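The values are calculated or read from the model by the stated rules, or taken from the named source; none is laboratory data. Model, not experiment: these values are computed from the prediction. Counting neighbours? That spans all protein chains shown, and the Cβs are built from the backbone with ideal geometry, glycine included. We work out accessible area using only protein heavy atoms, side chains counted, and drop any ligands, DNA or RNA first. Shrake-Rupley method; radii C 1.70, N 1.55, O 1.52, S 1.80 Å.
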Amino acid sequence: HIAPLVAEFETWMKESRGRLSRHNSVAKAMDYMLTRWEAFSRFLNDGRICLTTDGVEKP
């Protein structure tokens with residue numbers, strides 16, 4: 001169910017990023033995420049990946 005939303009989100013980010021200055025702080029965050037998109041979207045094909053950080057942040 002989530003895969004089409006993730007694909008749509010990536011498209012939106014790429015289109016929106018093109019309208020922002022490279023010095024914009026939001027643009028920098030978007031660049032960071034877009035360059036790591038493959039790692040981010042890995043959860044779509046691997047059910048073992050948890051999207052929360054609770055296991056890391058709460059010892």
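For the residues Ala39, Ala7, the requirement of being open to solvent by less than 80 Å² (accessible area, probe 1.4 Å) and at pLDDT 95 or above singles out Ala7.
Filtered by the rule that a residue be open to solvent by 80 Å² or more (accessible area, probe 1.4 Å) and either on the phi > 0 side of the Ramachandran plot or not polar (S, T, N, Q) (or both), the stretch 42-51 gives Arg42, Gly47, Arg48, Cys50, Leu51.
Evaluating Asp54 against the criteria (1) without any contact (Cβ under 8 Å) to a residue 12 or more places away in the chain; (2) surrounded by 10 or more Cβ atoms within 10 Å (Cβ to Cβ) leaves one unmet condition, (2).
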